[in-house]
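The values are calculated or read from the model by the stated rules, or taken from the named source; none is laboratory data. What you see is a predicted model; the values in this text were computed from it and never measured. With ideal geometry, Cβ positions are generated from the backbone for all residues, glycine too; neighbour counts draw on all protein chains shown. Heavy atoms of the whole protein, side chains included, go into the accessibility calculation; ligands, DNA and RNA do not. Shrake-Rupley method; radii C 1.70, N 1.55, O 1.52, S 1.80 Å.
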Amino acid sequence: MEDPLYREIILEHWQNPQNYGTIKSPDFKIEGSNPTCGDKITITVKIGAGKISDIKFTSEGCAISKASASLLTEKVKGMKLKDVRKLTEISALKALPIEITPARHNCALLMFRTIKEKL
Amino acid sequence: MLYKKDFPIFKNNKQMVYLDSAATSQKPQVVVDAVNDFYTKNNSNIHRGLYDLAQRAEDLYEGTRKKVAEFINADSKNEIIFTGNTTESINLVTLRYFEKVLKKGDIVVISEMEHHSNIVPWLRLKEKLDIKIYYIPVTKDFLLDFDKLLKAGLDFKKVKLISLTHASNVLGTINPLEEIIPKLKSKFPNAKVLIDAAQSIPHIKVDVVNLQCDFLAFSSHKMFGPSGLGVLWAKTKLLNDMDPLFLGGHMIETVTKQKATFASSPQKFEAGTGKLEAVVGLGAAIDYINSLNIKNVQKYEDKLTKYALSKLPKIKNVQFYGSLSPKYRLPVFSFNIGSVHPHDASEILNRKQISVRAGHHCNQVLMEILNSPSGTIRASLSIYNTIDDIDKLIEGINMVKKIFKN
C-alpha cells in the first residue's frame, strides 16, 4: 500500500536517514525547533573553500521532518554557501520528492529554516 | 445512533469519525438554534435596557446564569462568573485571589496530569512570589498518587491551595475528588481547593457541594455549548475578597471624576459587553444535557469505554497510556503506534476521515512522565460516537501499521 505523502522514498529516509549523526569538530552547530509539534533538530556543519563540505543532523520528530532533513542535507552538501543562501523555502519544498500539504510545511522545512538562520 | 442525530455536523460530514471531543465538542441543533434565535429574534444589549427586546435578551442571559448555578449545585447565581474559557477562569483566580494571599514559601499542590492551564499560571506566581509547587505524581496505573502527597512531609500550614483536574484530558482518568478532598482538607486545613472541570463536565455529574471545592472552572465549548465562553464558580465570600481584573462598563456602582466603586459579583468580573449569544447557547446546552440526563450519558459512554478498552490496548505494537479499568474513566484514549510519530499517524487516520488529536495535548509535564516527548495520539469520544467509530479507528490504526511497517 503506497500513501501519496508517505511514499517509499520518504519512509526509506525516515528509517535510514542520510547524514544522520554529529560531526566531531564542526565549524558550527545549530539547533532548531518547531514548538507547535515539538520537533527538534541539531545540525553540525563543516565549511571548506566556501562550501558546505560536510553536514550532519540529529532530530526528534515526525517522519516528514526527519526524511526532509535527510533529503535536504543531501541537497546542500557540497553546495557553495552563497548558493545555499539564495535557496528559498519554495525551492526547498520543490526539492522534496513529494507534495507537502501546508499543515506539514513546518515539519518539512525545519532543517532548512534552521540552517538558513545561521547562514 | 441515539444521540448522533441531534448533531447537524454529522449530516454535513457523513463519513466523518470525530474523535476529538476532548478538544471541543460538536454542537447539537438546539444549541445552534438558540444562537440563531438570539440574533434573529432577541438581540439587544443587556443591563439597563428599558424596552421589551432588551428585557428578553437579559432574561435569556441571566437565565443561563441560573441554569449554570443549578447545574453545578451552586448556592446562588451570583457565584457564576462568565469568562472566556477555563484558562481565563483559572487565571482570574490566580491573579485576583492567590496573587494577593500567597506568601513566600507557601505551597500550591497540583498534579502531573494537569493541563497547562492549571500549571503555567502557578509557575508565574512561583516566579513572582517565590512559592513552591508540589506535583502529585501519576502512578504506573495512570492514577494520582494521593498517598504520596499525604506522606510527602509538606508543612501542612503552608499548603494554601490544592488545584486539580477532575479528569485528565490525556489519560481519561477521573480523579476520585469527592472521596479525597475531605481527606486533603483535614490534612491541609489552610488549603483552598480549585477544580478544573473542563473535561469532566460533559461526561459526569459535577456538583460543587459534593466536591467540597472553593473554586470551579470549566468551558462552554466542551459541553456542547458555543466557544469563547467559560465559567468560574467560587464561593460568595471568596468572590467578595477578589478585586475585578478588568475595569470599565457594566462592572461599576458609581463613577465620579476621581473615584469609582464596583458592583458586586458577578457584574464586577464581567466588564464590557459579554458574549451574549454564547451565554444563551450555553443555556441551551445545559437544557440539552439535562434532557438526556447525565446518568444516561455516563451509561452510554461507559459502553463505549468498555468496548474501546477491550480492543485498543490489545493491538500489537500499540502503547496505551491510561487505566485499563473502566471505573473512574472517561472515553478518552491516548496511545502510540510503534515508532510512528503521532503526527504521522494522525495524518494517515485523516485519510479515513478519522479526526484525532496528536501531540502533547497541552500536557508537556505528563508527556515527560509517560516518556513520550513527541506526545500521543488521542481519541476522545462523546455521546455522538458509536461502537462503529471505534471499529473504524482500529481499521485506521492497522492502516498506519501497514504503511509504516510497524
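Specify the residue that is nearest to B:LYS222 (Cα to Cα); the eligible residues are those in segment B:337-357 that are open to solvent by less than 10 Å² (accessible area, probe 1.4 Å) and in contact (Cβ under 8 Å) with a residue 40 or more places away in the chain.
B:ILE354
Hey, can you tell me all the residues within segment B:309-333 that are in a strand (DSSP E or B) and within 22 Å of A:ASP3 (Cα to Cα)?
Of everything in segment B:309-333, just one residue is in a strand (DSSP E or B) and within 22 Å of A:ASP3 (Cα to Cα), namely B:VAL318.
Let me confirm something: among B:LEU304, B:LEU282, which residue is among the aliphatic types (A, V, I, L, M), modelled with pLDDT of 95 or more and not assigned by TED's automatic domain parsing to the domain that holds B:ARG56?
On the way: B:LEU282 fails: not assigned by TED's automatic domain parsing to the domain that holds B:ARG56.
Result: B:LEU304 is the single residue among B:LEU304, B:LEU282 that is among the aliphatic types (A, V, I, L, M), modelled with pLDDT of 95 or more and not assigned by TED's automatic domain parsing to the domain that holds B:ARG56.
Considering only residues of segment A:87-107 that are assigned to a helix (DSSP H, G or I) and away from chain B (no Cβ under 11 Å), which is least open to solvent (accessible area, probe 1.4 Å)?
Here is the first cut: in segment A:87-107, the residues assigned to a helix (DSSP H, G or I) are A:89-94, A:102-107.
After this cut, where a residue has to be away from chain B (no Cβ under 11 Å) as well, the list is A:89-94, A:102, A:105.
On the way: A:GLU89: 76, A:ILE90: 115, A:SER91: 37, A:ALA92: 4, A:LEU93: 35, A:LYS94: 161, A:PRO102: 105, A:HIS105: 55 Å².
Here the residue is A:ALA92.
Being within 13 Å of chain A (Cβ to nearest Cβ) and in contact with a strand residue (DSSP E or B) (Cβ under 8 Å, 6 or more places away or on another chain) is the filter here, so list the residues in segment B:361-386 that pass it.
B:HIS361, B:MET367, B:SER372, B:PRO373, B:SER374, B:GLY375, B:THR376, B:ILE377
Name the residues in segment A:1-33 that are among the hydroxyl-bearing types (Ser, Thr, Tyr), in a loop (DSSP other than H, G, I, E, B) and within 14 Å of another protein chain (Cβ to nearest Cβ), would you? Outline the logic, then answer.
Of the residues in segment A:1-33, the ones among the hydroxyl-bearing types (Ser, Thr, Tyr) are A:6, A:20, A:22, A:25, A:33.
Narrowing further to those that are in a loop (DSSP other than H, G, I, E, B): A:6, A:22, A:25.
A:TYR6 - this is the single residue of segment A:1-33 that is among the hydroxyl-bearing types (Ser, Thr, Tyr), in a loop (DSSP other than H, G, I, E, B) and within 14 Å of another protein chain (Cβ to nearest Cβ).
I'd like to know if segment B:387-406 contains one or more residues that are surrounded by fewer than 24 Cβ atoms within 10 Å (Cβ to Cβ), polar (S, T, N, Q), within 12 Å of another protein chain (Cβ to nearest Cβ) and within 26 Å of B:SER111 (Cα to Cα).
Looking for residues that are surrounded by fewer than 24 Cβ atoms within 10 Å (Cβ to Cβ), polar (S, T, N, Q), within 12 Å of another protein chain (Cβ to nearest Cβ) and within 26 Å of B:SER111 (Cα to Cα), one finds none in segment B:387-406, hence no.
List, please: which pairs have Cβ atoms under 6 Å, are six or more places apart or on different chains, and start with a residue in segment B:358-386 that is closer than 17 Å to B:THR24 by Cβ and end with one that is among the small types (Gly, Ala, Ser) and part of a loop (DSSP other than H, G, I, E, B)?
B:GLY359/B:GLY375; B:SER380/B:SER21; B:SER380/B:ALA22; B:SER382/B:SER21; B:SER382/B:SER25
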